[in-house]
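Structure record follows, encoded as structure tokens.
The values are calculated or read from the model by the stated rules, or taken from the named source; none is laboratory data. Note that the structure is predicted; figures quoted are calculated from it, not measured. Here the Cβ positions follow ideal geometry from the backbone for every residue, glycine too, while neighbour counts run over all protein chains shown. The protein model used for the area step is the full one, side chains on, heavy atoms only, and it has no ligands, DNA or RNA in it. Shrake-Rupley method; radii C 1.70, N 1.55, O 1.52, S 1.80 Å.
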Amino acid sequence: MLAAPINPSDINMVQGTYAILPDLPAVGGNEGVGEVLEVGSHVTLKPGDWVIPAGVKFGTWRTEAVVSEETLVKVPRDIPLLCAATLSVNPCTAYRMLHDFETLKPGDSIIQNAANSGVGQAVIQLAAALGFRTINVVRDRPNLQELVDRLKALGADHVLTEEMLRRPEMKDLFKRVPRPRLALNCVGGKSTTEMLRHLAFAGTMVTYGGMAKQPVTVPVSSLIFKDIKVRGFWMSQWKQDHDQNREDLNQMFLDLCALIRAGKLSAPFCSEVPLEDYKVAVESSMKPFVSAKQILIM
Ligand SMILES: NC(=O)c1ccc[n+]([C@@H]2O[C@H](COP(=O)([O-])OP(=O)(O)OC[C@H]3O[C@@H](n4cnc5c(N)ncnc54)[C@H](OP(=O)(O)O)[C@@H]3O)[C@@H](O)[C@H]2O)c1
């Protein structure tokens, strides 16, 4: 292994609260990039190839692994290491949610909360590359302007706090920007209900994360008068469903790598931490307002 991030789902897996759990004893970490050192007979991968896990439960927080070829996907070596290490979960999730739920065209808008998350940053960049306008919601914080500037530098069109979503000025925003047909929910609770109110008629809200650990409350008016659709997405399930025929998976990786090479998709804001300092990295990954993905460097 060369590098592997610490994602919230990795922590949930260690806590035993995730939907998929490995048999114990197990190595943590589901995402990362490694280099092939040696291969057996009848293996098409070659020493020197860069590889990422094809599915979940790989256990990427380690220096070495002996695995079968089917558990890996080859990635090109001409993309930055940190992009390769963070490619298989968050950018893929952003890609699928932008392509699989609503048919959007350039100029359309989307809205998302936890816009500074790894997924949120990928959504901003992929949406900008597709010509979609993004309305990005983040939690208020002392250094808000710094975060707003960072997200705008990635291509965010509008960055708002959860409180701003409730203000009457939102009406002015929607005189300039079409109401979003797609809302991406990473949080739950109040943040989600407020976001939902701004969806266009018959729009879709996709829940992919529950960072606030609170249920989603849908106002009945949104269902009756606006006919909104409330959906969920789980990348692990998608990968499982597409494991036999990997055409869509490979196409997605090709598209994402092309965007990385074109400078349109970067790795999330991050801190690189040597593997031996994993305790510090795990603790930092669970603190609020850090805005930096912890990436273990082997
Ligand atoms: N369904 C799927 O297939 C899928 C795929 C990838 C990720 N996910 C999920 O998506 C979520 C984000 O993952 P990630 O790797 O992008 O995370 P990340 O980079 O670690 O970012 C976490 C985000 O959650 C926010 N947050 C934390 N606690 C919060 C709270 N109580 N209320 C509101 N916001 C809160 C943080 O905002 P602050 O800066 O304000 O702390 C930050 O924006 C996780 O729940 C993860 O499990 C799901």
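Would you mention how many residues in the range 57-79 are among the acidic types (Asp, Glu) and touching a residue at least 40 places away in the same chain (Cβ under 8 Å)?
So the count comes out to 2.
Those residues that are in a helix (DSSP H, G or I) and without any contact (Cβ under 8 Å) to a residue 60 or more places away in the chain, I need them from the range 176-198; list them, please.
The initial filter retains those residues of the range 176-198 that are in a helix (DSSP H, G or I), namely 176, 189-196.
Once the filter is applied, which keeps residues that are in a helix (DSSP H, G or I) and without any contact (Cβ under 8 Å) to a residue 60 or more places away in the chain, the range 176-198 yields Arg176, Gly189, Lys190, Thr193, Glu194, Leu196.
Which count do you get for residues in the range 131-156 that are outside any strand (DSSP E or B) and either open to solvent by 60 Å² or more (accessible area, probe 1.4 Å) or among the β-branched types (Val, Ile, Thr) (or both)?
Final tally of qualifying residues: 11.
Does Gly209 fit the bill of being closer than 28 Å to Asn12 by Cα and open to solvent by less than 50 Å² (accessible area, probe 1.4 Å)?
Answer is yes for this residue.
Would you point out which residue out of Leu165, Leu147 is over 17 Å from Lys105 (Cα atoms), within 14 Å of the ligand (Cβ to nearest atom) and in contact with an Asp or Glu (Cβ under 6 Å, 6 or more places away or on another chain)?
Exactly one of Leu165, Leu147 is over 17 Å from Lys105 (Cα atoms), within 14 Å of the ligand (Cβ to nearest atom) and in contact with an Asp or Glu (Cβ under 6 Å, 6 or more places away or on another chain), namely Leu165.
Taking the options Val43, Val67, Val39, Val73, name whichever one is more than 29 Å from Asp140 (Cα to Cα) and in contact with a helix residue (DSSP H, G or I) (Cβ under 6 Å, 6 or more places away or on another chain).
Result: Val43 is the single residue among Val43, Val67, Val39, Val73 that is more than 29 Å from Asp140 (Cα to Cα) and in contact with a helix residue (DSSP H, G or I) (Cβ under 6 Å, 6 or more places away or on another chain).
Go through the range 18-29 residue by residue and tally those that are open to solvent by 100 Å² or more (accessible area, probe 1.4 Å) and of a type in the set (Ser, Thr, Tyr). Lay out the reasoning, then the answer.
Applying the first criterion (open to solvent by 100 Å² or more (accessible area, probe 1.4 Å)) to the range 18-29 yields 23-25.
This time we only want the ones that are of a type in the set (Ser, Thr, Tyr), so: none.
Adding up the residues that qualify gives 0.
Could you please give the count of residues in the range 40-60 that are open to solvent by 60 Å² or more (accessible area, probe 1.4 Å) and either in contact with an Asp or Glu (Cβ under 8 Å, 6 or more places away or on another chain) or among the acidic types (Asp, Glu) (or both)?
2
Which of the residues that make up the range 223-264 are part of a strand (DSSP E or B) and either more than 16 Å from the ligand (Cβ to nearest atom) or open to solvent by 70 Å² or more (accessible area, probe 1.4 Å) (or both)?
Residues of the range 223-264 that are part of a strand (DSSP E or B), as a first pass: 229-232.
Passing the criteria: Lys229, Val230, Arg231.
Of the conditions (1) touching a residue at least 40 places away in the same chain (Cβ under 8 Å); (2) within 21 Å of Ala153 (Cβ to Cβ); (3) out of contact with any strand residue (DSSP E or B) (no Cβ under 8 Å at 6 or more places or on another chain), Leu82 clears all except one; give me its number.
(3)
With the structure loaded, tell me whether Glu283 is within 16 Å of the ligand (Cβ to nearest atom) and part of a helix (DSSP H, G or I) or whether it fails that test.
Yes: the conditions hold for Glu283.
Among the listed residues Asn136, Asn116, which satisfies the condition of being near the ligand (Cβ under 8 Å from one of its atoms) and under 19 Å from the mean Cα position of the chain (by Cα)?
One residue alone meets the criteria, Asn116.
Taking Leu126 as the residue in question, decide whether it is in contact with a helix residue (DSSP H, G or I) (Cβ under 6 Å, 6 or more places away or on another chain), at pLDDT below 95 and in a helix (DSSP H, G or I).
So Leu126 fails the test.
For Val273, state whether it is of a type outside the set (Gly, Ala, Ser), open to solvent by less than 60 Å² (accessible area, probe 1.4 Å) and either part of a strand (DSSP E or B) or in contact (Cβ under 8 Å) with a residue 24 or more places away in the chain (or both).
Numbers: of a type outside the set (Gly, Ala, Ser): yes; open to solvent by less than 60 Å² (accessible area, probe 1.4 Å): yes; either part of a strand (DSSP E or B) or in contact (Cβ under 8 Å) with a residue 24 or more places away in the chain (or both): yes.
Yes; evaluated as a whole, the condition is true for this residue.
Can you pull out every residue in the range 276-287 that is open to solvent by 40 Å² or more (accessible area, probe 1.4 Å), free of Cβ contacts under 8 Å to residues at least 24 places away in the same chain and either within 27 Å of Ala127 (Cα to Cα) or not aliphatic (A, V, I, L, M) (or both)?
Glu276, Asp277, Lys279, Glu283, Lys287
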